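Student: Below is a structure I'd like to ask you about.
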Amino acid sequence: MLIAQISDLHIQLGGKYEHLISARRHLAACVDALNALLPRPDLVVATGDLTEHGSHDEYRVLKQELARLKTPFLLIAGNHDDPANLRANFPEHVWMRDAAPFLQYTIDTWPLRIVALDTTLPRRSEGELCAARLEWLAQTLAEQPGRPTLILMHHPPFETGIKRMDELGLLKGREAFAKVIEPYRNIERVLCGHLHRSIVCRVGSTVASTCPGTAHQIELDLRDEAELSFNFEPPGYQLHWLSPQGLVSHHAVIGDFPGPHVF
Ligand SMILES: [Fe+2]
Ligand SMILES: [Fe+2]
């Protein structure tokens with residue numbers, strides 16, 4: 001099974017950075033890149049911040065672009081999203097209503113079981129996993145403890161060293177989350193967004209990672225005093241291959257570069 005992960009699309013119509021970020025144009029280029037992949041992924045997952053303001057108009061644009069994907073896709077909410085508006089614009093994604101008011105669900109149709117978690121708080125940038133969400137996770141993981149499983153969540157359950165982002169991170173429930181997943185050796189990966197960069201860290205008995213943004217990236221600056229900044233390093237996605245040994249993850253950039261040159 002092959003899964004492409006995209007994140008932090010930030011589709012926006014208006015706003016002070018729209019002209020700079022061109023989120024729709026970047027998403028279109030990302031969709032073209034994913035459609036050109038051979039072998040074609042079985043699934044695309046988008047790990048939140050799908051839009052900038054969570055408006056119906058932004059979700060309509062998002063839907064128009066994602067409709068060009070030749071691959072089924074799954075969505076989760078980020079801190080910039082509005083879960084109610086997201087559900088309303090993708091009514092065919094009936095699973096997004098399974099754990100309302102939280103946008104959490106499981107998908108059991110692929111060799112890798114997908115467990116999507118909602119880390120968002122209304123109108124807040126930071127994330128949280130409250131007792132109710134963690135209880136849902138504990139029950140969900142207990143259902144199929146022997147099956148390879150992938151957890152999707154927007155805020156990563158680890159500190160990254162990018163201080164201003166860590167202050168907007170998963171501030172509550174991080175340690176409890178690690179405890180809930182610790183006993184499960186079948187969790188292949190915790191796939192996250194929010195950081196607009198590729199970062200990897202061990203959490204519990206598995207590995208958690210973040211994904212580049214499809215448009216702008218967060219500046220890699222680990223100084224305590226660094227201001228929160230974005231840049232236009234090449235956007236990218238991740239390609240996760242379920243091999244016989246486990247999940248193998250590739251970082252891919254979107255753009256035209258010289259090559260390939262055959263050795
Ligand atoms: Fe984001
Ligand atoms: Fe975010």
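The values are calculated or read from the model by the stated rules, or taken from the named source; none is laboratory data. Worth saying up front: this structure is predicted, and the values here are computed from it rather than measured. Don't worry about glycine lacking a Cβ; one is built from the backbone with ideal geometry, like all the others, and counts go over all protein chains shown. These accessible areas exclude ligands, DNA and RNA; they are computed on the full protein's heavy atoms, side chains included. Shrake-Rupley method; radii C 1.70, N 1.55, O 1.52, S 1.80 Å.
Student: Determine ³J(HN,Hα), in whole Hz, for all residues of the stretch 232-238 in sequence, where each value follows from phi through the Karplus function 6.51 cos²θ - 1.76 cosθ + 1.60 and θ = phi - 60°; x replaces Gly and Pro.
Tutor: Per-residue couplings from phi come out as 10, 4, x, x, x, 8, 10 Hz.
Student: Here is a follow-up. Within the stretch 129-191, which chymotrypsin sites (Phe, Trp or Tyr not before Pro) sit in a loop by DSSP and count at most 14 neighbouring Cβ atoms inside 10 Å?
Tutor: Answer by residue number: there is no such site.
Student: Show me the trypsin sites (Lys or Arg not before Pro) within the stretch 107-182 that DSSP assigns to loop and that have at most 11 other Cβ atoms within 10 Å of their Cβ.
Tutor: Within the stretch 107-182, the qualifying trypsin sites (Lys or Arg not before Pro) (loop, at most 11 other Cβ atoms within 10 Å) are R123, R124.
Student: Here's something else I'd like to know. 5 Å is the cut-off here: which amide hydrogens, built 1.01 Å from N in the peptide plane, fall below it relative to I76, excluding neighbours closer than 5 in sequence?
Tutor: A46, G48
Student: At 1.4 Å probe size, what's the solvent-accessible area of I151? Round to the nearest 10 Å².
Tutor: Probe radius 1.4 Å; accessible area of I151 about 0 Å².
Student: Taking 8 Å as the Cα distance limit and 6 or more residues as the minimum spacing, I'd like the relative contact order of the stretch 113-179 as a percentage.
Tutor: 46 percent
Student: Run the accessible area of the stretch 2-253 with a 1.4 Å probe and give the carbon-and-sulfur part as a rounded percent.
Tutor: Of all accessible area on the stretch 2-253, carbon and sulfur atoms account for 54 percent.
Student: Please give the charge dipole size of the stretch 177-235, origin at the Cα centre, charges +1 on K and R Cβ atoms and -1 on D and E Cβ atoms. Round to the nearest 20 debye.
Tutor: 440 debye
Student: Something else now. Mean separation of Cα pairs under 8 Å and 6+ residues apart, divided by the residue count of the stretch 2-253: what relative contact order is that in percent?
Tutor: 19 percent
Student: Turning to a different aspect of this structure: At a Förster radius of 41 Å, what calculated FRET efficiency corresponds to the Cβ-Cβ distance of L171 and A36, to the nearest 0.05?
Tutor: For R0 = 41 Å, the calculated efficiency reads 0.55.
Student: When the Karplus curve 6.51 cos²θ - 1.76 cosθ + 1.60 is applied with θ = phi - 60°, which whole-Hz ³J(HN,Hα) does each residue of the stretch 107-115 get, with x for Gly and Pro?
Tutor: In residue order, the calculated couplings are 10, 10, 8, 10, x, 9, 6, 9, 10 Hz.
Student: Below 20 Å, Cα to Cα, which lysines can K172 reach? Residues fewer than 8 away in the same chain don't count.
Tutor: Qualifying lysines at Cα under 20 Å: K163.
Student: Another question, if that's okay. What percent of all Cα-Cα pairs in the stretch 168-238 falls in each 10 Å bin, counting up from 0?
Tutor: 19, 41, 30, 10
Student: Moving on. In units of 2.2 N^0.38 Å, what is the alpha-carbon radius of gyration of the chain?
Tutor: 0.95
Student: Sticking with this one: Measuring with a 1.4 Å probe in the full set of protein chains, what accessible area per residue, in whole Å², belongs to the chain?
Tutor: 45 Å²
Student: In Å and from the alpha-carbon atoms only, list the Rg and Dmax of the stretch 51-171.
Tutor: According to the Cα coordinates of the stretch 51-171, Rg and Dmax are 15.0, 42 Å.
Student: Between the alpha-carbon centers of the stretch 132-179 and the stretch 7-78, tell me the distance in whole angstrom.
Tutor: Distance between centres, Cα-based: 23 Å.
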